[in-house]
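Coordinate-derived values only; no laboratory data. Remember, predicted model here, so these are calculated numbers, not experimental data. As a convention, Cβ positions derive from the backbone with ideal geometry for all residues, glycine included, and neighbour counts pool all protein chains shown.
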């Protein structure tokens, strides 16, 4: 696979800038979206590198001649976990970006926000098995490791198996606050559906479905083309014009099934496409969770 077309710094800057414009203070946005941190002032404590700089009290710092941060009542760290599909199905795109490139940038934006505000983040990158796993830890080093793995073309490939991944990782999540699953969710059979439902009953789960326009609508070509199954290598000669309607119907049925699985479980799912910048849609999605009172809370 070629070098990935990703720009983490640019997308992170856009994402965090947009959140500031919507909520004035990034910390306020974070607490409203992800919930949990009490906002009643209690005392001062020594500032650490993992703290958000907005917590620094400069007046108290000058008096004490030591960098101090404001401590709030019931301030508790969140624990956010990412499950990211890096299978062959994600190495696809009909435009400037592949699905795995968009998924990588989405994961980078959310995870950077989490660690930059002093909370813990962990992740699993999966295909047929776990490609790389790192359990919950705070700090920018955790983000840097994730960014390196997401940027490495050698990370991607193989058959995606969400069922196997959920079964494998679930016993280790403990008191995780919430889990983001980032995938195209195309390979959801009956067994995977049952495992996903069970997982969502146990953990606060947010799905991010990353798709390409061709996942739903075939290109308007009146000539025969060869398509190949990325898992079996089987090739088929088709005329897109002759099967386009049925193809779209099947694609919409499958997509709506995934949406229903999440809705029935009381979990949120956002659909993002490779041909559109995800930053605004993602921030609006998080904002809508606030409106509906869906805060992620630390688990005791």
Subject >> For 16, 193, 101, order by how many other beta-carbon atoms lie within 10 Å, fewest first >> reply: 193, 16, 101
Original post:
So, in Å, what gap is there between the alpha-carbon centers of the range 131-186 and the range 103-124?
Top reply: 11 Å
**OP:** Compute the Cα gyration tensor for the range 98-233, then decide on rounded, prolate or oblate, letting a ≥ b ≥ c be the square roots of its eigenvalues: rounded whenever a/c is under 1.5, prolate when a/b is larger than b/c in the other cases, and oblate in all that remain.
**Re:** prolate
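Can you sort 81, 285 by how many other beta carbons sit within 10 Å, fewest first? Please report the intermediate quantities before stating the final value.
Details: 81 24, 285 18.
Ordered from fewest to most neighbouring Cβ atoms within 10 Å, 81, 285 come out as 285, 81.
When a footprinting reagent is the concern and you count Cβ atoms within 10 Å, what order do 269, 117, 242 take, fewest first? Intermediate values should be presented prior to the final figure.
Working: 269 19, 117 22, 242 12.
Fewest to most other Cβ atoms nearby, the residues stand as 242, 269, 117.
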